[in-house]
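Some notes on the structure that comes next.
None of the figures in this text is laboratory data; all of them are computed from the coordinates on show. Given the structure is predicted, the values throughout are model-derived calculations rather than measurements. Neighbour counts run over all protein chains shown; Cβ positions are idealised from the backbone, glycine included.
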Amino acid sequence: MKKTNAILMLTAIFVAIFATACGSASEPAPQEPQATEAAGAAPAAQVVPINVPDTVANETYCVQKIPYQNILLDPGTTFQSADSELKCADSGTDVDGKDVITCSGKELWTYDLTLSNASGASATIKVNMGACPLPSN
């Protein structure tokens, strides 16, 4: 690989990570369902819903023509791909108190990713893989 290609690749990765870390949209705080209790009844366990927007293409970056996407999750959230072609792993980092997972898959494909939290709530989000740029000559 040419030295300039390596430098451009690293710069693109840095910009993508920086853009993700400085995300423009903040998520609204999850609302807890209100439980009604009968007199003398034990309090019902509350399930806190997961409020995660679908991922967007500007969170995608490429390494050797393979698209990757960082997704920010609340601590303790577990994830599982519904498709064997979507590979996700915990990156071991956090941004603004959120855990970062990194997913990869085919270019221009959309995958379902199921998220669950400790209270038993789950949600399925769409992971939209973008396209990698064509190499320049």
Using alpha-carbon positions, the gyration tensor of segment 69-120 gives root eigenvalues a ≥ b ≥ c; with a/c under 1.5 called rounded, otherwise prolate if a/b exceeds b/c, else oblate, the class is oblate
With label points set 7 Å from each Cα along the Cα-to-Cβ direction at Thr102 and Ser122, the distance between them in nm comes to 2.7 nm
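For the peptides 125-132, 81-88, what is the packing order when you average, over each peptide's residues, the other Cβ atoms within 10 Å and list the highest mean first?
Values: 125-132: 18.0, 81-88: 13.8.
In descending order of packing, they fall as 125-132, 81-88.
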The extension gain from Ala82 to Ala131, computed as 0.36 nm times the residue separation minus the Cα-Cα distance, is 15.5 nm
In the neighbourhood of Ser122 defined by beta carbon distances under 14 Å, the net charge of the other residues (Lys, Arg +1; Asp, Glu -1) is -2
